[in-house]
Structure formats: C-alpha cells, structure tokens
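See structure below.
What follows is calculated from the coordinates using simple rules that are stated; it is not laboratory data. Since we're looking at a predicted model, the values are computed, not measured. Counting neighbours? That spans all protein chains shown, and the Cβs are built from the backbone with ideal geometry, glycine included.
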Amino acid sequence: MDISHAVLTLWYISQPNGEEVLKTEPKADRGFGRKFLAQLDPTFPVTPIGQFPLNRSAQTDPNEYYIGGYPGITVVQTVCEGESVLLSQLPDTLLNAVPAQRVIALASNEKEGYAGFALWEGGELKRCLCATREHLYEDTGLPEPFEAPYWAGEKYEPLGGISLPFEPQGIMQAAQEYWLGIAVGHDGPDLDVVGYAVDGRPEPKIDPPKPKRTVGELSAQSANKLGLNDYDDYEDHNAEPESTGEEIISTAKHLGSLIGNWSAQTFRSLKERWRS
C-alpha cells in the first residue's frame, strides 16, 4: 500500500432518517466531542481548537478530530494512517465509537488521487471501494445504483489502458450524497463541528474584543492630534445627545468652529510676522 494517510470522515446514523437533522443546521455539542474522544482513548490530551462549519473549513490535520454530535447522527473527521487507509481495515474501536444502525466511511488523499467509501449496516460491511485512477485497492460488496454511470464512463473522459473510467474523488462524493440523501459540500447546509487536538498542544489564545468608541470620543481624539483642545465652559459636556445623528452633527459643527478659529489665528500670526 503506497498511500500513507488519508482524511477520514465517518457518519454514524443511529435512527431512521437521522440525516434529515442536517438540513436544520444543528449546533455541535462540545461535551459530546470530549466524551467521544475519552471513550476512543482515555489517554488523549484533549484541547479544543475551535468551532466552525465542517463543509466550509480546511480538512483536519493529523492528531485532530472534528466532531459534530446531533440528534440521531454524528460526524467525525480525522486522519487515518497505515492499514486504516483501507476502509475495510478501520479499527473496531472507531467503527463502534457511537451506537449506530449505519456507518458511512469516506477516505480522501487528493494529492495522491486516492479516495474510498464504505457502508456498514448492523455492523456488517455492505460495500467498500478504495482506489486511485490507476489502482483498485478494494472493491467488495455489490455496487450501489449511483455507481452505474461512473463505471459506464459517463462522468469522466477515459484515460485508456487499465485506468478506472472515473475519478475516485468524484464517486466518493457521490456515495456520501447518495447515502445521506443531501449534499454536504459548500452549497449544502452548514455542518457545525467542534475541533479538538490530541497531541498536547495548548488551547489557542483569543484576544478580547476592543471596546467600541463613540463618535464623540473619536472626534475628541482627532481634535487632540490637531492641537484643537479648545474647551467651552458654557457647554454642557455631561449631556447625552438625543440621537446618534444629532451627536454627529453637533460634533461636526464643533470641529468646524475649532478649525476655523485655529485657521484665523494662524493667518493673523503669519500676517503680523510678514509686516514686521
């Protein structure tokens, strides 16, 4: 086997039509992900690394898990290595991590042109295909109806020789859509997941948001930079403007008056110097 690793996506469907939940764009539960990883390997040093839509983010890296636990269906994405790149060789601990009537597995290494898909029902492997365009690594079980146009060469230009008549990435995506019943790519519903690292890295630090400043504060800062620190003793500086629009107008008038006075003073000073 010359494919060393692949991105692995697992769908655990634990009740009939559980995949219909995905259309509602449910939110992932951080607690569920931690429990999943604790059950998978209690020694994992788990670190949350973010929450985001699975279908609109970069794929997971080694030692990372993207997990979304929803009512009746769970999705997990990670990286498989070694023999596990062949989907029929996935460890039982991973396949049985969530009680499920159906388990869908998808493997992908786009750089090597490798992809695969597999389906288990009631714990029994029903269909599995893993390949590159030039090599068929696994082909067990009966082909599903969605596969027919791919094997017939209707989806891709033939390369000739012993090459497969389709791109494995394409048929893998078709398998996912067929078995789930919905498209889960960029055009599909958002699939909210929580990302976790299990290599002991520290949790990423997020700077707190800077407090928003009012228009008056911004204009005062600008006036200070211009040296226009004019202060009107008769102005009620504690009064709140009635509206944002009035605050902007009042501030603009005040700045205009200050700039006008400053310009007049500067002109008179230059004029006196020229006369002398």
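Among PHE146, PHE166, PHE117, PHE44, which comes first, then next, by fewest other beta-carbon atoms within 10 Å?
Starting with the residue having the fewest Cβ neighbours, the order is PHE146, PHE44, PHE166, PHE117.
What base-10 log of the normalised intensity I(q)/I(0) is obtained for segment 1-136 from the Debye formula, alpha carbons as equal point scatterers, at q = 0.16 Å⁻¹?
-0.85
Report, in whole Å, the centroid distance computed from the Cα atoms of segment 108-159 and segment 13-45.
Segment 108-159 and segment 13-45 have Cα centres separated by 26 Å.
Given H placed on each backbone N at 1.01 Å, which residues far from ILE49 in sequence or on other chains put an amide H within less than 5 Å of it?
It is GLY195, TYR196, ALA197, by chain and number.
Tabulate in residue order the Karplus-calculated ³J(HN,Hα) for segment 161-176, using 6.51 cos²θ - 1.76 cosθ + 1.60 with θ = phi - 60°, rounded to whole Hz; enter x for Gly and Pro.
x, 9, 5, 5, x, 8, 8, x, 4, x, 6, 5, 5, 5, 5, 4
Please list, in chain and number order, the residues 5+ apart from TYR137 or on another chain whose amide H is under 5 Å from its amide H, with Hs placed from the backbone.
Amide H neighbours of TYR137: CYS130, ALA131, THR132.
Rounded to whole Hz and in sequence order, give me ³J(HN,Hα) for segment 135-144 from the Karplus expression 6.51 cos²θ - 1.76 cosθ + 1.60, θ = phi - 60°, writing x for Gly and Pro.
Each residue of segment 135-144 in turn: 9, 9, 7, 9, 7, 10, x, 7, x, 7 Hz.
What residues have an amide H closer than 5 Å to that of GLN101, excluding those fewer than 5 places away on the same chain, when H is modeled at 1.01 Å from N in the peptide plane?
ILE13, SER14, GLN15
Please order TRP151, TRP179, TRP120 by the number of other Cβ within 10 Å, starting at the fewest.
Starting with the residue having the fewest Cβ neighbours, the order is TRP151, TRP179, TRP120.
Tally the DSSP beta bridges in segment 99-194 and give the antiparallel ones as a percent, rounded to 5.
100 percent
Using the 10 angstrom Cβ neighbour count as an exposure proxy, how do LYS27, LYS111 rank, fewest first?
Listing LYS27, LYS111 from fewest to most nearby Cβ atoms yields LYS111, LYS27.
In sequence order, what are the phi-derived ³J(HN,Hα) couplings for segment 192-203 according to the Karplus relation 6.51 cos²θ - 1.76 cosθ + 1.60 with θ = phi - 60°, rounded to whole Hz, with x for glycine and proline?
3J(HN,Hα) across segment 192-203, in whole Hz: 5, 9, 10, x, 9, 9, 10, 10, x, 5, x, 5.
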